[in-house]
Every structure is written in structure tokens, then in C-alpha cells.
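**Q** One structure, pasted below without further comment.
The values are calculated or read from the model by the stated rules, or taken from the named source; none is laboratory data. Remember, it's a predicted structure, so these values are computed and weren't measured experimentally. Ideal geometry is used to build each Cβ from the backbone, glycine not excepted, and the neighbour counts take in all protein chains shown. These area figures cover heavy atoms from the full protein model, side chains too; ligands, DNA and RNA do not enter into them. Shrake-Rupley method; radii C 1.70, N 1.55, O 1.52, S 1.80 Å.
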Amino acid sequence: MAAKQKKEPSKRKKSDTKTAVIVLIIAVLGIALFMYFHKPKEKALPVKITPVVKPVAKVVRKVVKPETVPIPKHVIQVPAGSAGKIAFVIDDWGYTTRNCKYLTEIKAPLAIAILPNLRRTQEVLKCSSLAGKTVMLHLPLEPFNNNDRYPDNYLITTRMKPDMVEKLIEDTLLKMPSVVGVNNHMGSKALESKPLMKHVLRILKKHRLFFMDSMTSPHHSVGAEVAAEVGIPFAQRDVFLDNINTREAILKQFDELRMKTKTGGYAIAIGHDRELTMKMLKEVIPILQAQGFEIVSVKDLLKFK
């Protein structure tokens, strides 16, 4: 009998079909993976940002005032006179009464040196006395150089006869009865003449007046020498406050006055009848008092000497 033949073709067909399915599946998976990983990215849309605007606070500008050190009005910070004694003599009064108001506003002692026979001499005498200030005669004496015009026999000169000198001084003192002392107006030449000054000081001694040398001839004045010979109370100027009439210059002179006072125990300052000088005296005197300086009248200072 003939042998049975194997059915191999049928098995091969099934195997091929199975292989084709697997390949197809792999291909589909491959395509799917490729599309997944190569998917085009979407572009992000720009985001509109709205800025947050905060309300601006209103700026208030404050006026910054410089710090000031209060000046005590009644309480002295250090003992009065511990830094020394100061006397102020204010020259050239008689032209106007404009600054008389300061004589009541400045409570400290001042000596008011008044020129004779001027338009306002008598009014200044009155306002000075009412304010309780020391009244002095600002006696016009001959200088070496003079560009100002004065009436005849207004300046006492080295060429005058003694009788004329005495008459001029006596007539002046008769019109100015509240005078307690005298200082020279100009007088650089007169203060270097011993005969003239001896005669002048003898007349002043007769009226019990003191003499203060304004030191217009600081290196050659015979004032101190003659005063000692005659026996009259004598003083002399230490500082001119306002030869330069500016605030800065006057403040420097106040500093010099402080130093001279501390060195010698006392000092005398001369100022002039000017608005700025009087304002600064009103301002600075309380500061000096708070620093221990005692402000005294020039007459009382003579007793201290």
C-alpha cells in the first residue's frame, strides 16, 4: 500500500499568516510611537501682563530749621563773673534817636557816649537816662587826620589857649548835667599832648568825672600817665567792636573781647550808634552772660580795677 503524504503546505500557510500579523502589529506600533514622539509642539501664546500701579503717596516737604541753642533769659548757666567782667561803651550818639529803642530792650548796663551840641543831643540824654544807662560825654579832641567838617571851636586842639579849653568843657557839661564820665572822640593828636591832656583832666577831676581813653593813639597816648599824675579815675578801651561794619567782623571782635576778658579779668569794648551794632549787642550779651561773663557799667568797672 502506498504511504500517506504529510500536509506541510497547510502548516506553512498558517505560520506565514501569523508572521504577517506580528509584522503588521509591530509596524503599527512603530508608526504610533513615531507620531507620538514627533508630534509638533504648540506655540505658547503670549501672555499679556497688566502692570500693577500703586497709588503715589503725596509728598509733603517739611521745612527743616537749623538747630538753635536756646539762650537762657533768667538762669545763668555758670556763676556770673566767673569768666570776667565786660563793660560796653557806645560812641557817637547825638545825630539821631533811631536806636534809642535798644536802650530799653538791652537790659544789661551800657555807657552811652554822646557828642555835644548836636541836633539830637538833648533827646539822647533823656532816653539814655530813662533807660538807666550810664551817660558819658564823647569829648571831641583833635586828630592827626580829619576829613570831617566841624564848627569852629568844636574840636579841642593842641593850639587852643587853656582858657578856651576850659570854657568849652564847662559850657558843655552845663548842658549835659547827667554826664558821669568822659571819653575822647577822635583825639589821636590831642592824646599825645601831655600839657593839653593835663589841663583837660584837671577840669574833669573838678567835676568828679572819670576819663576813659578810646585809644585812638594806642602806641603814644599819654592818657594813663596823666590820669595817674592828676589823680582821676581812668580806664582805656580794649576792643573796637565795629570798625568793620559787618556781622562776621563784629562776631570776630566779640571773640577777641572774650579772650581779653579771660586773660585780664575784665575788658572794655567800644561800639558805635549803628543799627547792626545795637542788634548784635542785644543778641550776644545774653550769650556772654550765660557763659559766665558779667556785664557791668564802665563806672563800676573802675571800682573793680
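**Q** Mind checking whether some residue in region 274-289 is charged (D, E, K, R), touching a residue at least 12 places away in the same chain (Cβ under 8 Å) and under 29 Å from T157 (Cα atoms)?
**A** Scanning region 274-289 turns up at least one residue that is charged (D, E, K, R), touching a residue at least 12 places away in the same chain (Cβ under 8 Å) and under 29 Å from T157 (Cα atoms).
**Q** A further question on this structure: Restricted to region 138-178, and to residues that are open to solvent by 20 Å² or more (accessible area, probe 1.4 Å) and of a type in the set (D, E), which residue is farthest from G271 (Cα to Cα)?
**A** So the residue we want is D163.
**Q** Restricting the search to region 119-137, which residues are surrounded by fewer than 17 Cβ atoms within 10 Å (Cβ to Cβ) and part of a loop (DSSP other than H, G, I, E, B)? Talk me through it step by step, then tell me what you get.
**A** At the first step, the residues of region 119-137 found to be surrounded by fewer than 17 Cβ atoms within 10 Å (Cβ to Cβ) are 119, 122-123, 126, 129-130, 132.
Of everything in region 119-137, those that are surrounded by fewer than 17 Cβ atoms within 10 Å (Cβ to Cβ) and part of a loop (DSSP other than H, G, I, E, B) turn out to be R119, G132.
**Q** Report yes if some residue within region 183-201 is part of a loop (DSSP other than H, G, I, E, B), within 25 Å of R120 (Cα to Cα) and free of Cβ contacts under 8 Å to residues at least 40 places away in the same chain; otherwise report no.
**A** No: region 183-201 contains no residue that is part of a loop (DSSP other than H, G, I, E, B), within 25 Å of R120 (Cα to Cα) and free of Cβ contacts under 8 Å to residues at least 40 places away in the same chain.
**Q** Now for a different question. When P195 is evaluated against the numbered criteria (1) more than 16 Å from the chain's Cα centre (by Cα); (2) open to solvent by less than 60 Å² (accessible area, probe 1.4 Å), which criterion, by number, is the only one it fails?
**A** The single condition P195 does not satisfy is (2).
**Q** On to the next question. For residues that are out of contact with any helix residue (DSSP H, G or I) (no Cβ under 9 Å at 6 or more places or on another chain) and over 21 Å from E142 (Cα atoms), scanning just region 216-258, find the one that is surrounded by the fewest Cβ atoms within 10 Å (Cβ to Cβ). Full working, then the answer.
**A** Keep residues of region 216-258 that are out of contact with any helix residue (DSSP H, G or I) (no Cβ under 9 Å at 6 or more places or on another chain), which gives 218-219, 224, 228, 237, 248-249, 252-253, 255-256.
Next cut, over 21 Å from E142 (Cα atoms) only: 228, 248-249, 252-253, 255-256.
Details: A228: 10, E248: 7, A249: 12, K252: 13, Q253: 18, D255: 10, E256: 15.
Here the residue is E248.
**Q** Has region 144-163 got any residue that is more than 38 Å from the chain's Cα centre (by Cα), outside any strand (DSSP E or B) and among the basic types (K, R)?
**A** For region 144-163, residues more than 38 Å from the chain's Cα centre (by Cα), outside any strand (DSSP E or B) and among the basic types (K, R): present.
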